[in-house]
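A short write-up of the structure that comes next.
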Amino acid sequence: MRFWHFWLNSFILASQYNPPRFVELLMLLLAIAMLAIASISPDRPYLILGLSLVVGASISILVREAIAPSHQTRMTKLTALILLFISLYGFADLIYTL
């Protein structure tokens, strides 16, 4: 019980301290879950939703870093650009296979 209490308090603190980063984290966690489901199930909606969440989170990260840079700006931008490129490539492949 104490373990879950610690995690709940950590999530509450994280959401209060830096809400945009918390929302981006939730979007990326949901994207991972949707892409995992899409790899198991052949349904396309899970793949489309997962890729959309990755695009949204990476664009949000890039905008946040442009407005208020953090101490790891270069690495954060590079990671967001890689995620954006991979997800856009996924969309292009999905459109090509339709």
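The values are calculated or read from the model by the stated rules, or taken from the named source; none is laboratory data. None of the values given here were measured: they were computed from a predicted structure. Cβ atoms come from the backbone with ideal geometry, glycine included; neighbour counts cover every protein chain shown. We work out accessible area using only protein heavy atoms, side chains counted, and drop any ligands, DNA or RNA first. Shrake-Rupley method; radii C 1.70, N 1.55, O 1.52, S 1.80 Å.
Provide a single number: the residues in the stretch 33-55 that are surrounded by 13 or more Cβ atoms within 10 Å (Cβ to Cβ) and more than 19 Å from K77 (Cα to Cα). Explain how you work it out, then say what you get.
The first filter runs over the stretch 33-55 and keeps only residues surrounded by 13 or more Cβ atoms within 10 Å (Cβ to Cβ), leaving 33-35, 37-38, 46-55.
Filter again for more than 19 Å from K77 (Cα to Cα), leaving 33-35, 37-38, 46-50.
Number satisfying all stated conditions: 10.
Of note, A38 satisfies the criterion of being touching a Gly at 6+ places or on another chain (Cβ under 8 Å) and at pLDDT below 95.
Looking at this structure, is S10 open to solvent by less than 70 Å² (accessible area, probe 1.4 Å) and out of contact with any Phe, Trp or Tyr (no Cβ under 7 Å at 6 or more places or on another chain)?
yes
The lone criterion from (1) open to solvent by 80 Å² or more (accessible area, probe 1.4 Å); (2) within 13 Å of the chain's Cα centre (by Cα) left unmet by R74 is number (2). Considering each residue of the stretch 37-44 in turn, at least one proves to be over 19 Å from the mean Cα position of the chain (by Cα) and part of a helix (DSSP H, G or I). What about S15, is it modelled with pLDDT of 95 or more and either acidic (D, E) or surrounded by 12 or more Cβ atoms within 10 Å (Cβ to Cβ) (or both)? In short, no.
Is one or more of the residues making up the stretch 51-64 over 14 Å from M27 (Cβ atoms) and touching a residue at least 12 places away in the same chain (Cβ under 8 Å)? The answer is no, given that none of the residues of the stretch 51-64 is over 14 Å from M27 (Cβ atoms) and touching a residue at least 12 places away in the same chain (Cβ under 8 Å). For A80, the conditions (1) open to solvent by 50 Å² or more (accessible area, probe 1.4 Å); (2) touching a residue at least 12 places away in the same chain (Cβ under 8 Å) are fulfilled apart from (1).
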